[in-house]
2 protein chains.
Amino acid sequence: MSTLDWIAVDWGTTHCRAWAIGPSGQVLSEASSSDGMGGLRPDQFEAALLNLVEPWLDVTTVDVVACGMVGSRQGWVEAPYAQVPCAPADTETVLAPTKDVRLRVQIVPGLKQIDPADVMRGEETQIAGALSLSPNFDGVMVLPGTHSKWVQISADEVVSFRSFMTGEMFGLLSRASVLKHSMDDGWDGAAFSEAVEETLSRPESLASKLFSIRAETLLKGLPGAAARARLSGLLIGAELAATKPYWLGMPVSILGADALGDAYGAALAAQGIEAKMIAPVDATLAGLSAARMKQKETT
Amino acid sequence: MSTLDWIAVDWGTTHCRAWAIGPSGQVLSEASSSDGMGGLRPDQFEAALLNLVEPWLDVTTVDVVACGMVGSRQGWVEAPYAQVPCAPADTETVLAPTKDVRLRVQIVPGLKQIDPADVMRGEETQIAGALSLSPNFDGVMVLPGTHSKWVQISADEVVSFRSFMTGEMFGLLSRASVLKHSMDDGWDGAAFSEAVEETLSRPESLASKLFSIRAETLLKGLPGAAARARLSGLLIGAELAATKPYWLGMPVSILGADALGDAYGAALAAQGIEAKMIAPVDATLAGLSAARMKQKETT
C-alpha cells in the first residue's frame, strides 16, 4: 500500500476497527476484529493491531492514532483523562510501547468531569471530529450507545457532560431479564413514541412500567415488537427527562447511526427538537485526523 | 412420619421448598431443592416433588398445597389468575395431575390486575398469610424480591398492586454491567440512605446516577461497599418515588427477611414510616394453611 499516510484506529471494549488513510485523507482500506480492550492484556495489543494492519505496512514507520478504551488503565497504555471544561481533543496523545519499528502508536486521552463524576473514552474524538465538520457549533451533542453521552458544547469546548446506562440496561433487560420472554426482534414506532412520552412526563413511573411489559404480554397479548419498542421508549424517555436542561431550546446534533440514532431523533422530534444527524464513523475519522494534525504540530 | 397431616410447598422459578406439617400446624420437617419451575417440563414436577417429600410419605394419600410459579402456564398445571379487587387466596385451588396415589396436589392461583396490567404468583399466598396473622390489617404490604410488589389492602381484599423490577435490575447491574467492576460484597448504610434520598426526591436522575457510580470509582476511589449500597439505594429510592401514593401516611407491613427487608425498612423509616416486619416464611406457611382450610370447607 504505497500511498498509505497513516492509520486511524477506534479501539473499544469489545471491538477494534482500523482504517488505512491516504495522503489526501481518503480511506484506502479498513479492517476490524473482536479483539476489544476487554479481552486483551497490555502485552497483547500490538499483536492484535498487527493482525489487522500488517497487510498495509511496508518497511517505513507509520503513524497510528487510536482512541477509545485502549487508553484506559487496563488498556495498552494509560492516557490520563483531560478535565472539562476543555476542548475535546486538546490534550497531547500518549505513545504506546511497540516492538515493531513500523508502528508509532499514539493514543488519544479521554475526558473526565469531577462533579458530577463522569468519564468518556472515544467519544471525545467523535466530538472533536463533529466540531471539525461543523465549526462554531454551539449546543448539545448526543452520542447514543452502550453508555450514551449528552455533551454541552460552547466555544469549541466541552463544558459539561452526563453519561447514561440506557443502552446497557436495554441489552440486559431485553436479553437477560424476565422481559426477554416478551420480546422479538421487531419494532413498533407508535409503541416507542408512547413509551417515551410516559417516562418523559412521569420519570418516576419507569420502575413499575418495566414490569408491566411482562404483565401486558401475559394478560393482553402485547406483541413482541411492541414490547421491544416499549422497553426502548421507556428507557430513552427517562433519559430525556433527566437531560431536559441539556436539550430544551438548544441546537442538538446526534452522533448516531442506524435504528438507535433514529430512535433518539424521533424521541426528540416529538418534543419539537429537530436534531442534526452526524454519522459516528465520519466523526471518529475526522477526530482522529484532527488529533494527528495537532500531534504533528506539537512534535 | 406417622403424625404428618399435610405438606406445604412454595414452588418458584428457581427453587422448590416443602414443609411437613403436623395435625396442630407444627412444622415437622422441611426440605428444599433447586428444581424450580423454570427448569422443569410439566411431566417432571411430580418426580421433583417426590424427590423432596417421599421420606415423609407412608401408604395413605396426603394433601399437598403449593403456591408460586408452579401454577403458571409453563408450570405443572395452570391455575388461572383471580382478578383484583378480591381476597388474596379466595379462588379455588387447581388439582395437579399425579400418578402416585399418595399425593393429592392443590395449586393456589395467582392474582392479576387489568389496568395497569400486573400479575403475581406466590405473593398472594404470603399476603393471605400475613392477613391471617394480622386480621383487619388495612394499609400497604411490601414484598421485596426479584420483582417487588406493593399491595394495597382494604377489608381483607387486595384492592390494587404494582410490581417493580428493582431486585432483578440490582442483580443484573451489579453482576453483569460495567458497574460490577465497582462493587464488592460489603454494605454502607449511609451511602444507601443518601442514594435513596437522591432518587426519591429526583427520580429522573436515576438514569445518570447509575453510571456515576462507575465514574466515582475511577475518579474518586468510591469503595466497593459504598458502590453496592449506592446502587441498591438509587433503585429503591426510585421505587419509593413511584409508590409514594401507596405508602404516604399509610400503615405499612414489609414481608421481607434479612438484609433486603431491612433495607426497605430503613428507606421507609427515613420517610417517617415505621413499617412492621413479617417473616416471609411465616406468611407463606400461614397462607398455604389458610388455602388448605378453605379447600377442605369447599370439598
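The values are calculated or read from the model by the stated rules, or taken from the named source; none is laboratory data. Model, not experiment: these values are computed from the prediction. Using ideal geometry, Cβ is built from the backbone for each residue, glycine included, and neighbour counts are taken over all protein chains shown.
Scan segment B:65-77 and tell me whether some residue there is free of Cβ contacts under 8 Å to residues at least 12 places away in the same chain and of a type outside the set (Asp, Glu).
Residues of segment B:65-77 free of Cβ contacts under 8 Å to residues at least 12 places away in the same chain: B:73.
Restricting the remaining residues to those that are of a type outside the set (Asp, Glu) gives B:73.
Yes.
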Review point. Residues B:Ala89, B:Ala79: which one is over 20 Å from B:Gly38 (Cα atoms) and aliphatic (A, V, I, L, M)?
Key: B:Ala89
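With respect to A:Gly233, determine if the residue is more than 9 Å from chain B (Cβ to nearest Cβ) and either acidic (Asp, Glu) or out of contact with any Phe, Trp or Tyr (no Cβ under 8 Å at 6 or more places or on another chain) (or both). Spell out how you get there, then give the answer.
Working: more than 9 Å from chain B (Cβ to nearest Cβ): yes; either acidic (Asp, Glu) or out of contact with any Phe, Trp or Tyr (no Cβ under 8 Å at 6 or more places or on another chain) (or both): no.
It is false that A:Gly233 is more than 9 Å from chain B (Cβ to nearest Cβ) and either acidic (Asp, Glu) or out of contact with any Phe, Trp or Tyr (no Cβ under 8 Å at 6 or more places or on another chain) (or both).
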Revision key, fill the gap. Contact list, first residue from segment B:1-28 and closer than 14 Å to B:Gly68 by Cβ, second anywhere and acidic (Asp, Glu) and assigned to a strand (DSSP E or B), beta-carbon distance below 6 Å, six or more apart or interchain, is B:Arg17/B:Asp10; B:Trp19/B:Glu30
**Study point:** Conditions (1) within 19 Å of the chain's Cα centre (by Cα); (2) modelled with pLDDT of 95 or more; number of the one not met by A:Ala89
**Key:** (2)
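Closer than 24 Å to B:Ser132 by Cα and surrounded by fewer than 12 Cβ atoms within 10 Å (Cβ to Cβ): is that true of B:Ser34 in this structure?
Values: closer than 24 Å to B:Ser132 by Cα: no; surrounded by fewer than 12 Cβ atoms within 10 Å (Cβ to Cβ): yes.
Taking the combined requirement at face value, the residue does not satisfy it.
For residues that are of a type in the set (A, V, I, L, M, F, W, C) and more than 8 Å from every other protein chain (Cβ to nearest Cβ), scanning just segment A:194-219, find the one that is surrounded by the most Cβ atoms within 10 Å (Cβ to Cβ).
A:Val196
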Check your understanding: Could you list, in sequence order, the residues of segment B:113-156 that are surrounded by fewer than 19 Cβ atoms within 10 Å (Cβ to Cβ), touching a strand residue (DSSP E or B) at 6+ places or on another chain (Cβ under 7 Å) and in a strand (DSSP E or B)?
Key -> B:Gly139
Check your understanding: In segment B:236-262, how many are more than 10 Å from chain A (Cβ to nearest Cβ) and either over 25 Å from A:Leu235 (Cα atoms) or touching a residue at least 60 places away in the same chain (Cβ under 8 Å) (or both)?
Key -> 17
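Just checking, does segment A:172-183 include any residue being under 20 Å from A:Gly265 (Cβ atoms), within 12 Å of chain B (Cβ to nearest Cβ) and either touching a strand residue (DSSP E or B) at 6+ places or on another chain (Cβ under 6 Å) or not polar (S, T, N, Q) (or both)?
Restricting attention to segment A:172-183, the residues satisfying the condition of being under 20 Å from A:Gly265 (Cβ atoms) are none.
No, there is no match, as no residue in segment A:172-183 is under 20 Å from A:Gly265 (Cβ atoms), within 12 Å of chain B (Cβ to nearest Cβ) and either touching a strand residue (DSSP E or B) at 6+ places or on another chain (Cβ under 6 Å) or not polar (S, T, N, Q) (or both).
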Check your understanding: Mind checking whether some residue in segment B:158-167 is of a type in the set (Val, Ile, Thr), facing another protein chain (nearest Cβ under 9 Å) and either within 22 Å of the chain's Cα centre (by Cα) or in a strand (DSSP E or B) (or both)?
Key -> yes
Review point. (1) away from chain B (no Cβ under 11 Å); (2) out of contact with any Cys (no Cβ under 6 Å at 6 or more places or on another chain); (3) surrounded by 19 or more Cβ atoms within 10 Å (Cβ to Cβ); (4) under 18 Å from A:Gln295 (Cβ atoms): which one isn't true of A:Val94, the others all being true?
Key: (3)
Check your understanding: Given segment B:232-299, what helices (runs of 4 or more DSSP H) lie entirely inside it while holding 1 or more residues that are out of contact with any Leu (no Cβ under 9 Å at 6 or more places or on another chain) and on the phi > 0 side of the Ramachandran plot?
Key -> B:258-269
**Study point:** Considering residues of segment A:189-241 that are of a type outside the set (S, T, N, Q) and touching a Pro at 6+ places or on another chain (Cβ under 7 Å) only, the residue nearest to B:Phe164 (Cα to Cα)
**Key:** A:Glu204
Exercise for review: Filter segment A:179-193 down to residues that are surrounded by fewer than 17 Cβ atoms within 10 Å (Cβ to Cβ) and among the hydrophobic types (A, V, I, L, M, F, W, C), then give me how many there are.
Suggested key: 2
Practice item. For B:Leu222, work out the one condition from (1) part of a loop (DSSP other than H, G, I, E, B); (2) within 30 Å of B:Asp115 (Cα to Cα); (3) within 14 Å of chain A (Cβ to nearest Cβ) it doesn't fulfil. Key: (2)
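Considering each of B:Thr3, B:Thr60, B:Thr13 in turn, give the residue that is surrounded by 15 or more Cβ atoms within 10 Å (Cβ to Cβ), of a type outside the set (D, E, K, R) and modelled with pLDDT under 95.
Numbers: B:Thr3 fails: surrounded by 15 or more Cβ atoms within 10 Å (Cβ to Cβ); B:Thr60 fails: surrounded by 15 or more Cβ atoms within 10 Å (Cβ to Cβ).
Only one candidate qualifies: B:Thr13.
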Practice item. Quick one: which residue in A:Pro88, A:Pro80, A:Pro144, A:Pro109 is closer than 20 Å to A:Leu255 by Cα and without any contact (Cβ under 8 Å) to a residue 40 or more places away in the chain? Key: A:Pro109
Practice item. Scan segment B:99-112 for residues that are in a loop (DSSP other than H, G, I, E, B) and under 25 Å from B:Phe164 (Cβ atoms) and report the count. Key: 3
Practice item. From (1) out of contact with any helix residue (DSSP H, G or I) (no Cβ under 6 Å at 6 or more places or on another chain); (2) surrounded by fewer than 23 Cβ atoms within 10 Å (Cβ to Cβ), pick out the condition that doesn't hold for A:Ala290. Key: (1)
Study note, to complete from the structure: Every listed condition ((1) over 11 Å from A:Cys67 (Cβ atoms); (2) within 14 Å of chain B (Cβ to nearest Cβ)) holds for A:Met120 save (1)
